[in-house]
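A short worksheet on the structure shown next.
The values are calculated or read from the model by the stated rules, or taken from the named source; none is laboratory data. From a predicted model like this one, the values you see are computed outputs, not experimental measurements. Here the Cβ positions follow ideal geometry from the backbone for every residue, glycine too, while neighbour counts run over all protein chains shown. Remember, those area values only see protein heavy atoms, side chains included, never the ligands or the DNA or RNA. Shrake-Rupley method; radii C 1.70, N 1.55, O 1.52, S 1.80 Å.
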Amino acid sequence: MFYSYLELLVIDCIFLYDYSLHGPIFIQEPSHVMFPLDSEEKKVKLNCEVKGNPKPHIRWKLNGTDVDIGMDFRYSVVEGSLLINNPNKTQDAGTYQCIATNSFGTIVSREAKLQFAYLENFKTRTRSTVSVRRGQGMVLLCGPPPHSGELSYAWIFNEYPSYQDNRRFVSQETGNLYIAKVEKSDVGNYTCVVTNTVTNHKVLGPPTPLILRNDGEFSNVQVVRGMTLKMHCFKGPVPTIIWRRADGKPIARKARRHKSNGILEIPNFQQEDAGLYECVAENSRGKNVARGQLTFYAQPNWIQKINDIHVAMEENVFWECKANGRPKPTYRWLKNGEPLLTRDRIQIEQGTLNITIVNLSDAGMYQCVAENKHGVIFSSAELSVIAAGPDFSRTLLKRVTLVKVGGEVVIECKPKASPKPVYTWKKGRDILRENERIAISEDGNLRIINVTKSDAGSYTCIATNHFGTASSTGNLVVKDPTKVMVPPSSMDVTVGESIVLPCQVTHDHSLDIVFTWSFNGQLIDFDKDGDHFERVGGQDSAGDLMIRNIQLKHAGKYVCMVQTSVDKLSAAADLIVRGPPGPPEAVTIDEITDTTAQLSWRPGPDNHSPITMYVIQARTPFSVGWQAVNTVPELIDGKTFTATVVGLNPWVEYEFRTVAANVIGIGEPSRPSEKRRTEEALPEVTPANVSGGGGSKSELVITWETVPEELQNGRGFGYVVAFRPYGKMIWMLTVLASADASRYVFRNESVRPFSPFEVKVGVFNNKGEGPFSPTTVVYSAEEEPTKPPASIFARSLSATDIEVFWASPLEKNRGRIQGYEVKYWRHEDKEENARKIRTVGNQTSTKITNLKGSALYHLAVKAYNSAGTGPSSATVNVTTRKPPPSQPPGNIIWNSSDSKIILNWDQVKALDNESEVKGYKVLYRWNRQSSTSVIETNKTSVELSLPFDEDYIIEIKPFSDGGDGSSSEQIRIPKISNAYARGSGASTSNACTLSAISTIMISLTARSSL
């Protein structure tokens, strides 16, 4: 009962009072005191100021024992500070600590030493006399008497104060007097004067007439951080003194030198100043080096302090404190001023303290103590242990919790309580038992997985600990889950297309649903990006996304996110947008010769489809736009960015561009390179079509096609025309210094008509002469034929065609004959409007077509050559035949029997002005073939084999001496499935299925031709 009352009292203290209640905290801790024994004040004060609520009680310890103020009237505590009246060196010297205590615990201050400053007298005995050689150095030892407090030293020489100069030096560390290069005037008595700087008390030592020899070494020293260090170096005879560090590093710039460099002072000593120092003394007798090691040390200094902790019962506490110092500090822990050791629930390791399963007895003030041989420091913190019954006033269960069927739900139960309570749950009025779906966590939360509709209802969390029981109730509502029925699917599209990414779901319609889309992790703003993105669907269960006019920038990951108040799900699809590559960049002509150019470029974007090849194009002033060029390598793959263009023409200005391609297509070309002209070279291309002939009498005409400018290979282009009579050896040459020349005429009376000449045309430019064209034979100008053709004869072939015959002239012509020209005209027409046709070579007959029937024509023939036509032959007459029948065969009927088709038609009768009918032509072909077969017959019927594979297409026309008459309309005879069928030319309604045609059967009187 008392234990419970105590716990409740602690709870009341925590919850009813202000949080300003806390344990003791030092505002000022005591410091070391050096008290002069002969002080007139006769009073010592050790300061200690503490705050806390409740107000702490202060007590003091001397050398670990409580100072009993009641037993010794000399001690008193004034506002926490200790006041000592008439201090006594024997009783009061020692180490003091201030101890502060209130209801939260106890803390201990740092240690403070009280020391008494004094200086005793020298022992009254004389010192031995020592002889010293003149010019040598010496040291006189002071040997101060027992004392406390810092001392200062001086010397008296023969009852007069001794001064320091470049030969004399008094060490303030030892009190010794150093004299360099002793002279006769230095002989005498020396007395050491010692002064206590705290008490200002001064004593004199016994006179010393002698000096003991010393080699001038100085000892190793330890120096605390921040103090000012002085090192003394003296050597006789009077030397030159240099200070240096043995490790070669420069001495800090803050260092100061005194007394002719005999003293080295280092203020504010730090770690980097530590090391081995050397004093080098050199005079006329030699050189000596003294060495001393300066070691850095530092008292502890906090890196990490401990802080107050408020914990509930049965929780764990962990504290860690860290300090630096040299040497490395050690740690110990205090609780309420008493040493804390490892036991049971308390684990201590260096600067860490771990308390498990905290209870009320652990509450109090804790201190971490870090110490080394140079000092001790304290860090304090309060541990408060909280105890309270469960309280739901600020953490009620959620009134309504929504969850989907098949989902998982956690109903949090987080009352304020200390120690941690035990939790039970009820559904309705029934205690809830844990099973494979239902679990209660250690912190009281209820977790249900695979939720079903039956899990809906009210749930109550009940929390209980030593100090009471409390409960809170909430409701669980179970909804149907949302499901994606038609998710978006990944697609591969081309630039410019439009698509719809579906996102259709089923969901509980009592819940609001929100569709959102993200593109590459960023939400799509349909207002900002409405040109391309639009939400479509038109119902609350569809959130389809339309993407219009897709561009390369739209490639990426699209996520449809669907959210209700009970669930959130998403479906993703990747959209790959492929397009031809972008233009390559920085096309550069690295080197150019007369026929090659070395190019380089940088690849442009591949637009999501790897570049497979590059094509190089060139443009010149002579080309029609850009043209592909030959390169090395011949095929430039997508990983190659240099190529050599070959086959260029010399002395032509080129610019180049590069085009990339991938599997989608050919991309945009790069920007053109700079324009560069290839180097000059000898011409290589000769004129084409070197020929000639014709012209006037005594002329040789030579013609050729000019070499295009882009093939001239350089400046100063022209032609060299070479010719000679056929069979001669010597060439005649003419130079034409014009690139546009295409004709040369050689005139000379010695040139005979139509004489053969060998001719060739060469080229040249500023680089030199090029090749000649192949030699060809050109004839000089000739005369027209002088004789007419003989034996002219003409006959009629049909109503539209006649044939003309003639013979070569009977007498020899002076001009050669290249062919004949036939002139013809109708009797009704004028001769000057006659039509003409020409033959070539020795042909002596020709056929004239497209004439009118029953018409009289006149004809004449002339020979011709390049000089013109000769005289005309005699005129002959011929009359064309009557026209063929104009009426086509009629009443065409076909019948099938066994394996034959029998065609019948009416006889055609010619008109008076038409040629008589001599027979008929039957033209037939299979439906799918273009070649036509012909059967001629003088009867009005014909037999064909049955068409089993394809339809027949048939025409019938009469023929006569005047030619073929008018044709009937096309007749289609379908494939036959019935061996007996009938049809006529005017109808195809009886068409049946046919099989292949094997042979053609005709009547015995028919005549076959193709």
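The figures follow:
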read-out: Whole-Hz couplings from phi, Karplus 6.51/-1.76/1.60, listed for segment 176-182; x for Gly and Pro; value: 5, 9, 10, 10, 9, 6, 4
read-out: Vicinal HN-Hα couplings computed from phi for segment 838-845 (Karplus, 6.51 cos²θ - 1.76 cosθ + 1.60; Hz; Gly/Pro x); value: 10, 10, 10, x, 8, 4, 10, 7
read-out: For peptides 613-626, 283-296, sequence by mean Cβ density within 10 Å, most packed first; value: 613-626, 283-296
read-out: Space enclosed by the convex hull of the alpha-carbon atoms of segment 688-779, per residue, Å³; value: 90
read-out: Projected area, mean over directions - segment 790-879, Cα convex hull, nm²; value: 5.6
read-out: Loop-located chymotrypsin sites (Phe, Trp or Tyr not before Pro) in segment 22-76 whose Cβ has at most 11 other Cβ within 10 Å (DSSP); value: F73
read-out: Shape box of the chain [Cα atoms, principal axes, largest first, Å]; value: 183, 107, 44
read-out: Surface accessible to a 1.4 Å probe, per residue, for the residues of the chain, Å²; value: 54
read-out: Dipole of segment 130-212, positive end: most advanced residue of G149, V182, T197 [Cβ charges, Cα centre]; value: V182
read-out: Antiparallel content of DSSP bridges confined to the chain, in %, to 5; value: 95
read-out: Heavy-atom accessible area ranking, 1.4 Å probe, most first, across T95, T706; value: T706, T95
read-out: For N102, distant residues with modelled amide H under 5 Å away; value: H57
read-out: ³J(HN,Hα) computed for each position of segment 318-329 - Karplus, 6.51 cos²θ - 1.76 cosθ + 1.60, integer Hz, glycine/proline x; value: 9, 10, 9, 10, 9, 9, 10, x, 9, x, 4, x
read-out: Evaluated at q = 0.33 Å⁻¹: base-10 log I(q)/I(0), Debye formula over Cα of segment 816-858; value: -1.21
read-out: Mean projected area in nm² (Cα convex hull; one quarter of hull surface) for segment 117-211; value: 5.7
read-out: Under 5 Å, built H, 5+ apart or other chain: amide partners of C48; value: S81, L82
read-out: GluC sites (Glu not before Pro) restricted to segment 895-939 and DSSP loop, no more than 13 other C-beta within 10 Å; value: E916
read-out: Area of T342 that stays accessible when all protein chains are in place (1.4 Å probe, Å², to 10); value: 70
read-out: Whole-number percent relative contact order across the chain, with pairs defined as alpha carbons under 8 Å at least 6 apart; value: 4
read-out: Probe 1.4 Å - accessible area at E49, Å² to nearest ten; value: 80
read-out: Solvent-accessible surface ranking, highest first, for E272, E442 at 1.4 angstrom; value: E442, E272
read-out: Highest-first arrangement of 805-815, 349-359, where packing means the average Cβ count within 10 Å; value: 349-359, 805-815
read-out: Computed lengthening from E150 to D964, 0.36 nm per intervening residue step minus Cα-Cα distance; value: 277.6 nm
read-out: Structure-based [θ]222 nm, the chain - -39500 (n - 2.57) summed over DSSP H runs of at least 4, per residue, nearest 500; value: -500 deg cm²/dmol
read-out: Solvent-free Debye scattering, log10 I(q)/I(0), computed from the Cα coordinates of segment 585-677 at q = 0.19 Å⁻¹; value: -0.82
read-out: Pairwise centroid distance, computed over Cα atoms, of segment 523-597 with segment 253-317, Å; value: 68
read-out: Protein accessible area in the chain, 1.4 Å probe - carbon and sulfur %; value: 48
read-out: log₁₀ of I(q)/I(0) at q = 0.10, 0.23, 0.27 Å⁻¹ - segment 305-386, Debye sum with one point per alpha carbon; value: -0.23, -1.07, -1.40
read-out: Acute angle (nearest 10 degrees) that the helix 2-16 long axis makes with the longest principal axis of the chain, alpha-carbon atoms; value: 60
read-out: D_trans [Stokes-Einstein, Kirkwood Rh over alpha-carbon pairs] for segment 388-479, 20 °C, 1.002 mPa s, µm² s⁻¹; value: 162
